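S.K.: Let me begin by handing over the structure; questions about it come next.
The values are calculated or read from the model by the stated rules, or taken from the named source; none is laboratory data. No experiment lies behind these values; they were computed from the predicted model shown. When we count neighbours, we look across all protein chains shown, and the Cβ atoms used for this are built from the backbone with ideal geometry, even at glycine.
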Amino acid sequence: MAPPVTPTPRRRGRRGRALTYLGALPFFLYVGVFLLLPIGVLAVEAFRSTDQVTFVESWSTDSIVAITQGAYRRAYLGSLQLSLITAVLGAVLGLALAVAVLQTRRNLLLRRLVLTASGVLANFGGIPLAFAFIATIGNQGVITALLQNELGLGRGGFSLYSMTGLALVYLYFLIPLMVLTITPALEALRPQWREAADNLGASGWQYWRYVGGPVLAPPVIGATMLLFASAFAAYATARALVGSSLPLVTLQIANALSSNVTVGSDSLGKALALGMVVLIGVVMAFYAWVQRRTQRWLS
Amino acid sequence: MTTLAESVAGAGSVAPETPVRAGRRGTGAWRFVVLLLLGLYFVIPIAASVVFTVRDRGRGGVTLQHYAEIPGSEGFAAAFTRSLALAGLTVVIVLLLMIPTVVLVDLRLPRLRTAVELLTLTPLVLPPIALVVGVRSVLSWAPDYFLNTPLADAFFALQKPELPWILVFVYVVLALPFVYRALDAGVRGADLRTLTEAARNLGASWPRVLVSVVLPVLRTSVLNAAFITFALVLGEFTVAAILGFETFPTWIVRISGSAAQLSVAVSVLSLMVTWLLLLLISALDRRRGTKESS
């Protein structure tokens, strides 16, 4: 990071320096208005509530209390459970896929196909994926029909419109996300380490146990966090697949916002959203800590 | 023996450009199983969707009718052109915002790097639905507090159903992590400091340096960033749905009830087209990237 031998020429002194900082201003203004302000407003307005009769607004923790109980509590637990399971599964399978693809050294085409497909599925996914799965294993799906009519098998109690079905669809964008996130870390594993281990007589298992594993652990944990956050935030897929029939926070938020019937459901939506931000904040603090460790390991 | 061959090859090259671990070790059977099973998992839904859309329910056989129907179907043209416009505007704004910022941070303000990095990466983990609930709250200030002020008019102007600018501004935030990472990788790969100093010493002005030196060097990164942003906007559902605007994805969901095969046809087609475009860009990327060694 040390600058090259010639120091940067200082042409304009203090005024130039102020001008330079001014150049970064648009970015900070933009982020302030369109990212920090909405979240800040969320944090304040979740504590406002409108009286059912008089429509007078006042400070209260009603909404915050409400979201820790009953259906909302179940929604948080449902979302957390689904995200945790799909994140861990996605991380394991994605890691396996990334390693398998990177090791096919000669087949650069396969590598590029998998990486670009991962880019599409991980970032673009959402709605198209949900419909692809409906066409495949939905009630009218091609594979459903194949299993039932041609092979005479039932579906074994499986339904696409359940938590299990949702998990199956989530993995379809979480595994690619893992591949994208972990590939740089896998590429950073120096071949010399493997050679050194080999020359010292280590077995493949010993290499992964004492060298590859410890180096890869922090990025893998970090990537799993990212998968968790992504699954936790997913709304489009769930909305397209199950409407609002499953206990998931994102679906509950949309419900709360779209219902004009009950006064104060708006405030409930804000409280639910704030709850998501707080939970993700906790996860992200852990992620930041992991990142720091990663840097120490790989530098 | 393979180990020996690899050590020799490794010793010959100065820098390991594509570090790949020894692959010929062991049987490689697990690799085959992983590729096969996951390959099936990823191919089957797409293949089944294609079958779903081309089979003719009435007479049996194959028909491309549902694909032919897409352009003329109710609401498609409006929703799709709106999404294209939103995507184009988002790309322009996010690049205008981020290219100068990334370059400036790299060259003159390395002290701000951590702050910029943290802020740009936040939308990666922040649930978009939480962000949009916040945006919705801010937008509701207009009728609640500032009615009949210029500010309220500005708020309403942002929410025109034909071209909702508010979506553009939120999408820029959602695109920040991807754009920042793409540009940052480009800036790190090229030695911008030396290049810009050389240009400055030869008498180029800063705007000239940006246009004639920085942009050409970052061409692939900019292209990557633009493409990811474009795809992101075309596929974005949550924000548009919560704010109640009709874009391409919300249109697919709306018609899915009455035209199941059409909605699947559009979905498959959009996935395929995005993938092909990304493949094309990665091919361009590789042609340029061979010398720079990622």
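S.K.: Just to be sure I understand, how many residues within the range A:90-114 are at pLDDT 85 or above and buried (at least 19 other Cβ atoms within 10 Å of the Cβ)?
M.R.: So the answer is 12.
S.K.: Being hydrophobic (A, V, I, L, M, F, W, C) and facing chain B (nearest Cβ under 7 Å) is the filter here; which residues of the range A:86-114 pass it?
M.R.: Listed by number, the residues that qualify are A:Leu93, A:Ala96, A:Leu97, A:Ala100, A:Leu102.
S.K.: Here's something else I'd like to know. Taking the stated definitions as given, is B:Leu121 within 18 Å of A:Tyr30 (Cα to Cα) and part of a helix (DSSP H, G or I)?
M.R.: The answer is yes for B:Leu121.
S.K.: A follow-up question, please. What number of residues within the range A:34-89 satisfy the criterion of being surrounded by fewer than 20 Cβ atoms within 10 Å (Cβ to Cβ), polar (S, T, N, Q) and within 21 Å of the chain's Cα centre (by Cα)?
M.R.: 1
S.K.: Any residue at all in the range B:245-255 that is surrounded by 23 or more Cβ atoms within 10 Å (Cβ to Cβ) and either of a type in the set (A, V, I, L, M) or not assigned by TED's automatic domain parsing to the domain that holds B:Pro177 (or both)?
M.R.: Yes: the range B:245-255 contains one or more residues that are surrounded by 23 or more Cβ atoms within 10 Å (Cβ to Cβ) and either of a type in the set (A, V, I, L, M) or not assigned by TED's automatic domain parsing to the domain that holds B:Pro177 (or both).
S.K.: I would also like to ask the following. Which numbered condition in (1) assigned to a loop (DSSP other than H, G, I, E, B); (2) within 26 Å of A:Thr250 (Cβ to Cβ) is the only one that B:Phe178 fails?
M.R.: (1)
S.K.: Still on this model: B:Leu218: surrounded by fewer than 17 Cβ atoms within 10 Å (Cβ to Cβ) and touching a helix residue (DSSP H, G or I) at 6+ places or on another chain (Cβ under 8 Å), yes or no?
M.R.: So B:Leu218 fails the test.
S.K.: To continue, here is another question. Could you list, in sequence order, all residues of the range B:48-78 that are within 12 Å of chain A (Cβ to nearest Cβ) and either within 15 Å of B:Ala231 (Cα to Cα) or not in a helix (DSSP H, G or I) (or both)?
M.R.: The answer is B:Arg55, B:Arg57.
S.K.: Here is a follow-up. Please identify the pairs in which a residue from the range A:183-203 that is more than 17 Å from A:Pro214 (Cβ to Cβ) and more than 7 Å from chain B (Cβ to nearest Cβ) has its Cβ atom under 8 Å from the Cβ atom of a residue that is part of a loop (DSSP other than H, G, I, E, B) and among the polar types (S, T, N, Q), counting only partners at least 6 apart or on another chain.
M.R.: Correct list of pairs: empty, since none qualify.
S.K.: Whether any residue in the range A:231-245 is closer than 23 Å to B:Val125 by Cα, within 8 Å of another protein chain (Cβ to nearest Cβ) and not in a helix (DSSP H, G or I) is what I want to check.
M.R.: Checking the range A:231-245: at least one residue is closer than 23 Å to B:Val125 by Cα, within 8 Å of another protein chain (Cβ to nearest Cβ) and not in a helix (DSSP H, G or I).
S.K.: Name the single residue, out of those in the range B:120-176 being among the polar types (S, T, N, Q) and more than 12 Å from A:Phe34 (Cβ to Cβ), that is surrounded by the fewest Cβ atoms within 10 Å (Cβ to Cβ).
M.R.: Here the residue is B:Asn148.
S.K.: Follow-up question, since we're still on this one. Return the residues of the range B:81-112 that are touching a helix residue (DSSP H, G or I) at 6+ places or on another chain (Cβ under 8 Å), within 10 Å of chain A (Cβ to nearest Cβ) and in a helix (DSSP H, G or I); say none if nothing qualifies.
M.R.: Scanning the range B:81-112 gives B:Ile93, B:Val94, B:Leu97, B:Met98, B:Pro100, B:Thr101, B:Val102, B:Val103, B:Leu104, B:Val105, B:Leu107, B:Leu112.
S.K.: Just to confirm my filter: which helices (runs of 4 or more DSSP H) fall fully inside the range A:29-144 and include at least 1 residues that are more than 30 Å from B:Val116 (Cβ to Cβ) and out of contact with any His (no Cβ under 6 Å at 6 or more places or on another chain)?
M.R.: Qualifying helices (runs of 4 or more DSSP H): A:62-66, A:70-103, A:108-123, A:127-137.
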